[in-house]
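The values are calculated or read from the model by the stated rules, or taken from the named source; none is laboratory data. Treat the numbers as computed from the prediction; the structure is a model and nothing was measured. Positions of Cβ are backbone-derived with ideal geometry, glycine not excepted, and every protein chain shown enters the neighbour counts.
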Amino acid sequence: MSIQKFFPTQLWISQAPARVSSQLNRKLAREARMLEQIDSQGVKWCRKNYKGGYTSYASITDMPYRSSNFAELKRWIDGEAKKFAQALDMDLMEGRLEMTTCWVNVMRQHCMHSYHLHPLSAISGTYYVEIPKDSGAFKIEDPRLPAFMGSPPRTAKAKIENKRFQEFQPQAGQLILFESWLKHEVPQNHSSKERISVSFNYDWIR
């Protein structure tokens, strides 16, 4: 008798090369903070929907076309997204994956981002610019959860493939890619320092 595993949930986790992350992260962090100073529409949206933080998600989502620093980051992420799509055996046919939205996130103390997904996109992800200790993990939910119904909970020491939720503690310069249907969240930032990241979506353009 044997156990075979089907339908795994796959993430692509990679560390940016030194040429990307060493000086670029400082520039990205500075631009993210500057953006908040001029993005009145985004700040207004955040007061209601992103308490304790700032995100340009609802206002400015074309950062690689506004900044050469974000354009440099995009060039590296494009290559990683292509490799992830190949690892997933995605059949793009005559189409391509294209980064269609890219925005910044500045999470201050007590800010959090509840469970959500990115509908209509193919691959989504986050690049981490500044990640102080205790500023929030990247947490994912088993996509089969609504179908479990009468299934018993898992033990505290369950193997990773049997857990209902999984957390990853990101580091500065790290990239996490996932398929856009995967529900995820960022728990509360318990640090007094800002947690800065860049999020984005790739759409399948046919």
Exercise for the section: Give the residue that is nearest to D78 (Cα to Cα), with candidates limited to residues of segment 189-206 that are part of a strand (DSSP E or B) and either of a type in the set (S, T, N, Q) or touching an Asp or Glu at 6+ places or on another chain (Cβ under 7 Å) (or both). Expected result: Y202
Exercise for the section: Just name the residue that is nearest to W12 (Cα to Cα) out of those in segment 151-170 that are exposed (fewer than 11 other Cβ atoms within 10 Å of the Cβ) and among the polar types (S, T, N, Q). Expected result: N162
Fill in the blank from the handout: Being out of contact with any strand residue (DSSP E or B) (no Cβ under 7 Å at 6 or more places or on another chain), modelled with pLDDT of 95 or more and β-branched (V, I, T) narrows T155, T126 down to just T155
Exercise for the section: State yes or no: is R144 in contact with a helix residue (DSSP H, G or I) (Cβ under 8 Å, 6 or more places away or on another chain) and among the charged types (D, E, K, R)? Expected result: no
Handout entry: Tally, over segment 68-96, of residues that are surrounded by fewer than 18 Cβ atoms within 10 Å (Cβ to Cβ), of a type in the set (G, A, S) and either in a loop (DSSP other than H, G, I, E, B) or within 19 Å of the chain's Cα centre (by Cα) (or both)
Key = 4
Practice task
Please enumerate the residues belonging to segment 106-121 that are among the polar types (S, T, N, Q) and assigned to a loop (DSSP other than H, G, I, E, B).
Solution key: Q109, S121
